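See structure below.
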Amino acid sequence: MNPATTASNLHLTGLHHVTAVAGDPRRNVEFYTRVLGLRLIKRTVNFDDPSTYHLYYGDSVGTPGSVLTFFPWAGVRRGRPGTGQAYATAFSVPAGSVPFWTARLLAHGVTPAAPVTRFGDEALAFNDPDGLVLELIATSEPDTRTAHAHPEISAAHGIRGFHSVTLAVTSAAPTAALLTGPMGYRATLSSPGRIRYSVGTAGPGSYIDLLVDPKLARGLPGAGTVHHIAFRTPDDATQAEARKILVDLDLQVSPVMDRNYFHSIYYREPEGVLFEIATDNPGFTVDEPLATLGHALKLPAQYESQRAEIEAHLPKID
Ligand code: ZN
């Protein structure tokens, strides 16, 4: 292996989390826990604006690669999914589960698009209550991750974590150069308008798709759009190495931010999508036991003294 190539690789291991903007937090909880069967694993506030929630959903333990989070702002204007954004967030579900999910979504008032075949797997696209573009990829690829138990969704159908995130771009080359250069991704599959990249040990949870669709307009931020996507790095030491590489590339990377459940750095890819690199440590059990994840409002230390005021201001979501 070329030592220069190795030295400039960020050593990412896949997707960590996706963070999106939502409207009413109660409707958000209802949809992701009751309809999709994810676990609410953390109920906290936006660390940059403690008057709003930051809600985290995932598998039973909040494994990196299963975690979808929201900043819900009741009354926020809707955005528009489009280029310069993470356009679609896709979950991995077992092969053959599309009829189950189609029926389940329809029963909950959500009309999915007709299933399509994407790189040999069935893909079912639909919108969450705020218009966020979601997909279920019923893949025959091995995926040993376990879905969170839900009384109406068997293991033969359950969401096992992310499959992929699709970035909508006006041209593939600049973003592809970042992905396949320092970020260490490999182009693995392509079809007209779509290129798939994987990293680490590959497989569901590692994929980034680039979508070049002339029909798509520039995305506008707001409810129903992704705010940023985060990639996994094992620990603080690997994150520090990655940060040094990004600094050397003049990528305007942020300082390390303590997000309580992981540590984060941020930078933007050439089309403007906000990327984050988040550590696997310390994880979601750092401030509450596994059995009661998501039950109580958890605040970072700097806001604990304002708890009464913060709780009084937040809408009840039980
Ligand atoms: Zn994040």
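The values are calculated or read from the model by the stated rules, or taken from the named source; none is laboratory data. The structure displayed is predicted, hence computed values, not measured ones. When we count neighbours, we look across all protein chains shown, and the Cβ atoms used for this are built from the backbone with ideal geometry, even at glycine. The area values use the complete protein model at the heavy-atom level, side chains included, leaving out ligands, DNA and RNA. Shrake-Rupley method; radii C 1.70, N 1.55, O 1.52, S 1.80 Å.
In the chain, which longest range has no trypsin sites (Lys or Arg not before Pro) that are both DSSP loop (not H, G, I, E or B) and surrounded by at most 13 other Cβ atoms within 10 Å? Longest stretch, sites excluded: 78-214. When each of the peptides 133-141, 106-114 is scored by the mean number of other C-beta atoms lying within 10 Å of its residues, the order from highest to lowest reads 133-141, 106-114. Overall, the chain carries a charge dipole of about 620 debye about its Cα centre when +1 sits on the Cβ of Lys and Arg and -1 on the Cβ of Asp and Glu, all other atoms neutral. Listed values for region 295-305 are Karplus-derived 3J(HN,Hα) couplings in whole Hz (6.51 cos²θ - 1.76 cosθ + 1.60, θ = phi - 60°), namely 6, 10, 6, 9, 10, x, 3, 5, 10, 4, 5, and x replaces Gly and Pro.
Give the percent of DSSP beta bridges with both residues in the chain that are antiparallel, rounded to the nearest 5. Write out the running numbers ahead of the final one.
On the way: 48 of 73 bridges.
Around 65 percent antiparallel, to the nearest 5.
Surface composition of the chain: carbon plus sulfur atoms contribute 58% of the solvent-accessible area (1.4 Å probe, protein chains only, all chains present).
Per-residue ellipticity at 222 nm for the chain, helices alone: DSSP H runs ≥ 4 residues times -39500 (n - 2.57), over residue total, nearest 500 deg cm²/dmol?
Values: 6 runs with 49 residues, N = 318.
Dividing the helical sum by the residues of the chain leaves -4000 deg cm²/dmol.
Across region 164-175, rounded Karplus estimates of 3J(HN,Hα) from the backbone phi angles (6.51 cos²θ - 1.76 cosθ + 1.60, θ = phi - 60°) give 6, 10, 9, 9, 8, 10, 7, 8, 6, 4, x, 5 Hz, Gly and Pro being marked x.
The label-point distance for R186 and V116, in a model that sets each label 7 Å from Cα toward Cβ, rounds to 2.7 nm.
Summarising the amide proton neighbourhood of T225: residues at separation of 5 or more, or on other chains, whose placed amide H is nearer than 5 Å comprise V21, G79.
All distinct Cα pairs of the chain go into the 1/r average, and the inverse of that average, the Kirkwood radius, is 19.8 Å.
Solvent-accessible surface of region 207-289, averaged per residue with a 1.4 angstrom probe and all protein chains in place: 43 square angstrom.
Work through the residues other than Q302 whose Cβ is under 14 Å from its Cβ and net out their charges, Lys, Arg +1 and Asp, Glu -1.
Working: positive: R259, K298, R307; negative: D48, D49, D258, D287, E304, E309.
For residues surrounding Q302, the net value is -3.
Given a Förster radius of 51 Å and the C-beta distance between L211 and S305 as r, what FRET efficiency does 1/(1 + (r/R0)^6) yield to the nearest 0.05? After rounding to 0.05, the efficiency reads 0.65. For the chain, the relative contact order comes to 25 percent (Cα pairs under 8 Å, sequence separation of at least 6).
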